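The values are calculated or read from the model by the stated rules, or taken from the named source; none is laboratory data. None of these values were measured; they are calculated from a predicted model. Cβ placement follows ideal geometry from the backbone for every residue including glycine, while neighbour counts extend to all protein chains displayed. With ligands, DNA and RNA removed, areas are computed over all heavy atoms of the protein, side chains included. Shrake-Rupley method; radii C 1.70, N 1.55, O 1.52, S 1.80 Å.
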Amino acid sequence: MFENLSERLSGVFDKLTSQGALSEDDVKTALREVRVALLEADVSLGVARDFVKAVTDKATGQAVTKSVTPGQQVVKIVHDELIAVLAGDGADAGALKIDNAPAPILMVGLQGSGKTTTTAKLARRLKEREKKRVLMASLDVYRPAAMQQLAVLGTQIGVDTLPIVAGQKPAEIAKRAKQAATMGGYDVYMLDTAGRLHIDDVLMDEVQQVRDIANPRETLLVVDGLTGQDAVNVATEFEDKVGISGVVLTRMDGDGRGGAALSMRAVTGKPIKFVGLGEKMDALEEFHPERIAGRILG
Ligand code: GDP
């Protein structure tokens with residue numbers, strides 16, 4: 001679909017005469033292509049610009065190794081830097097803070113991002129891999145079908161869901177979930193909050209109320225990996241208003257290039273913890289920075 005970065009750069013470097021060390025001009029020429037590649041991968045403009053600047057500073061003046069072409073060398077520097085940004089300190093991928101039972105996990109995000117599916121996938125993972133007793137609760141009082149959807153998924157994966165009580169507000173459901181998790185001896189309880197098509201104050205107020213009741217150990221933002229530039233606004237907004245501990249990127253089984261991962265990591269500084277790779281309940285993986293880096297570069 002896209003020309004990959006090595007191909008782009010080999011063309012550029014045929015015209016250059018790098019000898020000894022990468023000159024500022026060589027690097028600038030090459031990184032113009034890198035910038036285009038990042039934008040094509042849906043990395044947001046500001047993040048692409050900052051990234052290119054950081055790599056320019058790193059690459060300029062580097063000795064050219066005999067075994068590789070200058071183009072290959074720039075690709076390697078870019079690749080390493082991508083992984084460094086995506087990985088952060090590397091300690092967080094796939095790890096959830098779920099000590100002190102019952103540990104609350106708050107799931108937030110826009111409607112359609114894959115929040116309910118991801119809640120169930122994570123519950124299944126905690127149950128199967130970590131042998132945790134999990135309780136899931138839907139707080140989506142606006143869409144009875146969403147509540148039902150979580151109940152159906154719960155039955156499918158063998159995880160309990162909080163019984164649905166009509167007419168309750170999200171804060172009341174959160175209190176009930178906390179109580180049921182404590183009384184029922186659960187290790188973890190997961191709150192699947194309502195999503196909206198766009199971020200609005202009512203949604204944020206509601207999520208804040210629920211957060212203050214549950215005092216979550218993890219607040220995971222679920223974002224559609226195909227949304228690209230928009231993902232940054234969503235992540236910034238949720239980080240500012242609610243505070244997030246990590247991100248789950250869904251729909252990474254599609255043909256999106258995953259630039260949202262880089263943008264969100266760079267802008268919020270929060271780790272991407274998991275990646276959704278399909279509709280099935282086992283289609284959830286820990287985040288692997290090197291896979292996304294390869295995908296972004298094409
Ligand atoms: P919510 O409104 O955020 O709760 O979204 P849902 O969990 O209901 O998901 C919306 C649709 O996206 C459903 O059809 C899911 O099966 C689908 N979906 C969720 N995660 C993924 C994923 O990682 N890959 C794919 N291909 N589809 C997904």
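Pairs of alpha-carbon atoms within less than 8 angstrom and 6+ residues apart define the contacts here; what relative contact order does the chain have, in percent?
For the chain, the relative contact order is 24 percent.
Put a dot 7 Å past each Cα toward the Cβ at ALA145 and ILE199; how far apart are the dots in nm?
Roughly 2.7 nm, to one decimal.
Residues of the chain: accessible area per residue at 1.4 Å, in Å²?
Working: 13550 Å² over 298 residues.
Roughly 45 Å² per residue, with all protein chains present.
In deg cm²/dmol, rounded to 500, what helix-only [θ] at 222 nm does the chain give when every DSSP H run of at least 4 residues adds -39500 (n - 2.57) and the total is split over its residues?
Numbers: 11 runs with 150 residues, N = 298.
It lands at -16000 deg cm²/dmol.
Once you have the Cα-Cα distance between ASP25 and GLN62, take 0.36 nm times their residue separation minus that, and quote the gain in nm to one decimal.
12.0 nm
For a quick check of your reading of the filter: which trypsin sites (Lys or Arg not before Pro) in the range 98-187 sit in a DSSP loop and have no more than 15 other Cβ atoms within 10 Å? Could the numbers behind the result be given before it?
Details: sites: LYS115, LYS121, ARG124, ARG125, LYS127, ARG129, LYS131, LYS132, ARG133, LYS175, ARG176, LYS178; in loops: LYS131, LYS132, ARG133.
Those that pass, being in a loop and sparsely packed, are LYS131.
Report, to the nearest whole %, how much of the accessible area of the chain belongs to carbon and sulfur atoms, 1.4 Å probe, protein only.
Carbon with sulfur: 50 percent of the solvent-accessible area.
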